[in-house]
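The next block holds one structure in the form of structure tokens; read it before the comments.
Each value in this text was obtained by applying a stated rule to the coordinates, not by laboratory testing. Everything quoted here is computed from the prediction, not taken from an experiment. Glycine gets a Cβ as well: all are built from the backbone with ideal geometry, and neighbour counts include every protein chain shown.
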Amino acid sequence: MTGVLLDSVSKIYPGGHLAIRGLRLQIHDGEFFVLLGPSGCGKSTVLRMIAGLEEITSGDLWLGDQLANNLTPRERNVAMVFQNSALYPHFSVRDNLAFPLERAHDDRAEIRGKVVEMARALGIDPTLDRRPATLSGGQKQRVAIGRAIIREPALFLMDEPLSNLDATLRTELRLEIGSLARSIGATTVYVTHDQVEALTLADRIAILRDGVLEDVGTPAQVYGDPATAFTASFLGTPQINLLGATARAIPGQGVLLDCGAQSLLVPWTDPRVHALAGHHGSPVIVGIRSDAVTPADTPTTAPILSGRVRALEFHGHEWLAQVETGMTVLESDRIGRRVPVPVKARTRPLDALRRTVRHRPEPDEPAADGHVGSHRRSDVLIRLGSSRGWKVGDTVRLAVDLPQVLFFDHTGRRVDPVHR
Ligand code: ADP
């Protein structure tokens, strides 16, 4: 088993696309580590660089205590599973599973035992004598996982291994992958764009955006204590409400977050108030998850927002309300977005890197309130639980659970310290 260290790793593809910028990441020995982010953010590029399938443009990759930049894939002792891993079509499941061990010249009796044991762990023992063409998608993917893991590689890499399966199978196999990887103690790097997979499987998660590391931490840390507004919006359903506000320190009271039509007062007793006061007169972003707001049906000392119910959605186990509050709701995709300066095709890669590492902000004009980014909707999403309670058109009062509210500066970075 082995840990992985990416030390200021960048990747520029031929043609000049800067896919990964100065990535620093330490993956511990035996850890189940998830790379999470939207399509195109560079997750597979990182995985392929670790596997040795993609050259590293600059920076160092360490596997254990070995500098691995120039090792061949074979020398790295990694196993990889893809979305559509190909099996040997003319081999039975048994022979597919045995193949990596036979190549390593293991003892035949031992191989037979290991194959059966792996097939049992993955629930495919009844299929051992069948050919891949006769298997379901889920069974094929189980064989691919078994074949990768059976020779106990130093490192187990998985690139969206569940994304071609239906929802029920995905859940089932997700649980199996988690327990299998943990039972053999393999260091696993798992790529996905699915936040549920990341939150349920990972020991730690790295969130990537446009080739840049946004945040890294345990699932509880990146969900509850996210470093950026992008991380906060990528994790959690429904998506967090991000409100554009201006901070105003008021002596004797606290910091008033003026959200246009309404405001929230963060009292001087709140541990984050001094960090917020440092943004006096500046735009800040207020992040309120839908479960940090409840209908204020009874008297409360919590801060209150009010609005009109625009729509109610039934989600089976709960109702969600869209409440028009008149406040500025920001689109998370555009907060703090940086785009690379285009690189000329003939520029040498390292020169290109030097030039593009200093990216410039998207050329959006800041709105009058200092916030860049269009307002996708002006509704705030509220979780109502299993009873609908409200009707469309009702004027409602919302109690805000202030300790759960997150505060970011206008670039999307948390204003108060993040704990890791
Ligand atoms: P993800 O896995 O997060 O979807 P990728 O790592 O596949 O993202 O791709 C990151 C970026 O690099 C994307 O913009 C993609 O178009 C680009 N890219 C990936 N592979 C190549 C390649 N071989 N040549 C040029 N650009 C590439």
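Put a dot 7 Å past the Cα of T395, heading toward its Cβ, do the same for T72, and the two dots end up 7.6 nm apart. Semi-axes of the equivalent ellipsoid of segment 26-127 are 30, 17, 14 Å, computed as sqrt(5λ) over the eigenvalues of the C-alpha gyration tensor in descending order. For the chain, the longest principal axis of the C-alpha atoms and the axis of helix 167-184 are separated by about 70°. Derived value for segment 4-233: Kirkwood hydrodynamic radius 18.2 Å. Basis is the mean of 1/r over every pair of different alpha-carbon atoms. Per-residue Karplus couplings for segment 213-227, computed as 6.51 cos²θ - 1.76 cosθ + 1.60 with θ equal to phi - 60°, are listed in order as 6, 8, 6, 8, x, 5, x, 5, 5, 6, 7, x, 9, x, 6 Hz, Gly and Pro entered as x. Taking all Cα pairs closer than 8 Å and separated by 6 or more residues, the relative contact order of the chain comes to 17 percent. The three principal axes of the Cα atoms in the chain give end-to-end lengths of 77, 55, 35 Å, sorted in falling order. Here the extension length gained between E324 and H105 equals 72.1 nm, from 0.36 nm per residue of separation less the Cα-Cα distance. Ordering T395, G254, T187 by Cα displacement along the dipole of the chain toward the positive end leaves T187 in first place; charges were set at the Cβ atoms of Lys, Arg (+1) and Asp, Glu (-1). Couplings for segment 145-151, taken from phi via the Karplus curve 6.51 cos²θ - 1.76 cosθ + 1.60 with θ = phi - 60°, read 5, x, 5, 6, 8, 5, 8 Hz in order; Gly and Pro are left as x. Each stretch of four or more DSSP H residues adds -39500 (n - 2.57); spread over every residue of the chain, this sum gives -7000 deg cm²/dmol at 222 nm. 3J(HN,Hα) along segment 98-112: 6, 3, x, 6, 5, 4, 8, 6, 6, 5, 4, 5, 5, 4, 4 Hz, from the Karplus curve 6.51 cos²θ - 1.76 cosθ + 1.60 with θ = phi - 60°, whole Hz, x for Gly and Pro. When the chain is treated as a GNM with alpha-carbon contacts under 10 Å, the residue of D210, D125, D106 showing the greatest mean-square fluctuation is D106.
Between the amide H of D215 and those of I207, distances stay under 5 Å, these residues lying 5 or more places away or on another chain, with hydrogens modeled in the peptide plane.
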